[in-house]
Every structure is written in structure tokens, then in C-alpha cells.
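The values are calculated or read from the model by the stated rules, or taken from the named source; none is laboratory data. Everything numeric here is computed off the predicted structure, so don't read it as measured data. Counting neighbours? That spans all protein chains shown, and the Cβs are built from the backbone with ideal geometry, glycine included. Surface accessibility is based on the protein's heavy atoms, side chains included, excluding ligands, DNA and RNA. Shrake-Rupley method; radii C 1.70, N 1.55, O 1.52, S 1.80 Å.
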Amino acid sequence: MSHMRPFGILPQNKTPDYEVRLLLEPAEILTPSIQLTNDVQSTFNMQPSATKESIEFFDTPTKEIFEAGWSVSARKVQGEDTIEFMYKHHYPITNNDIDSTLTHANRHGFNNEPTGDSRDFKAQVEWGYANKVLSMASKKKLDGFLAEELDFPPADSMRQMLNTEAPNKFRHWKVYDWGTYALQRSIIYGPIL
């Protein structure tokens, strides 16, 4: 199953937001007690206390999901009764050409069409020190979990929930049910606290 559209008239590209990743000197942003300085807190409108969260990534033992340009993760934030699932497809940006990368993603069906699950995906340019990546991300939230715990349900339950919530674009990326089968065979990488 090919996800590439033929050349010709394409729907409108998505408009990305931007995430800028900064490399900062710890001595310039942290106090001796390893807290953010007041200047950093006020400049970036940050809270003085850290938010605790746990993240698990799902992929096959051979990293089939990652090799196809996808990442699938689950995030649990302390104090919230939800688990957030993230299905993200990544496109490297070459020669700083964001527009061409957006058009390439459009040909894969990540566009502003009002039908299908494309509308569930948000575009973001992740701007790092060494490179830039365009990501198309779909988030799904499930509630009813204990707010003060960072633990996830058992792996089999997580895989089942991820499959249930998966957007069709991920589910059928290479062939029909490719993503479903990949998640069924996935293992957990993490948690990262």
C-alpha cells in the first residue's frame, strides 16, 4: 500500500508550530542546590518545582516502528488521572527547507484535508542544535487512572489500548494493519522518569 499521492494538485500543507531545543550551560541556569535560577524561571515562565512524569516507548525488538519513521509512546504525569498516547511520524529537514518537507509529508497524507484522520495530526518543527525534524503527531488521552501514581498498566493492556487508539495512518502505514501487527509484537523501552 503506497501512501504517496501522485504529483498534481495537493491539499494545503499543514502549518507547523516550533519547538526549539537549547543547549545551556548548567552553571548559568542552575543554582548551587541544582534549582533553576530566578532569571530562567521568569524568562521561560517556569514553575520552581519539577513535574514528575513517566514515559514508555513501544517498538518491536528489531525497531521496525522506528525504522518506518514512527515513534509510539505513552506518558503519565503525576497529579493527572490520564495516560497520553503519542503516535508521531518524523521527517528529517534537509537544507533548512521546511516547505519542501511539509509538501513531502502532504504527499503521505499529512495535510489539512477535512476528512480522514489527517486532521488529528499536528505538525511541529523540532529545531535542535545540529538538525531539524518535522514531526506529525497524533495524541490520544485516556482517563480513569490514579492521579498520584506514575506506574502504567501491564504491558499487554498497554499494547491493547495503544492498538485501540491508533490512528489509521499509523495502523495501515506500509500495508493494511502493519501498525497493529507491529504493536502486538512490541516491547517496552522504558520507563523514562
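Observations on the model:
- The chain: angle of helix 98-107 to the longest principal axis, Cα-based, in degrees nearest 10: 50
- Between TRP127 and ASP156, the FRET efficiency estimated from the beta carbon spacing at R0 = 45 angstrom works out to 0.75.
- Eligible lysines near LYS14 by straight Cα distance, threshold 21 Å, same-chain separation 8 or greater: LYS88, LYS122, LYS132, LYS139, LYS140, LYS169
- Highest average packing first - 126-139, 158-171, Cβ atoms within 10 Å: 158-171, 126-139
- Note that the chain shows a convex hull volume over its alpha carbon atoms of 155 Å³ per residue.
- Options HIS89, SER100, ILE65, ranked by Cα towards positive dipole end of the chain, top entry (Cβ charges): SER100
- Residue-by-residue Karplus 3J(HN,Hα) for the range 84-96, coefficients 6.51, -1.76, 1.60, Hz, glycine and proline x: 9, 9, 10, 10, 10, 9, 10, 10, x, 9, 9, 6, 6
- Ordering of 101-113, 61-73 by packing [mean C-beta count within 10 Å, highest first]: 101-113, 61-73
- Accessible surface of ARG75 - all protein chains present, 1.4 Å probe, nearest 10 Å²: 80
- Charge context of ALA123, other residues only, Cβ under 9 angstrom, K/R +1, D/E -1: +1
- The charge dipole of the chain, taken about its Cα centre with unit charges on the Cβ of Lys, Arg, Asp and Glu (plus for the first two, minus for the last two), comes to roughly 760 debye.
- Rounded to 10°, Cα long-axis angle of helix 155-165 versus longest principal axis of the chain: 60
- Using the 1.4 Å probe convention, the accessible area of the chain works out to 61 Å² per residue with neighbouring protein chains retained.
- In Hz, Karplus ³J(HN,Hα) per residue of the range 126-135 (6.51, -1.76, 1.60; θ = phi - 60°; x = Gly, Pro): 8, 9, x, 5, 9, 7, 10, 9, 8, 10
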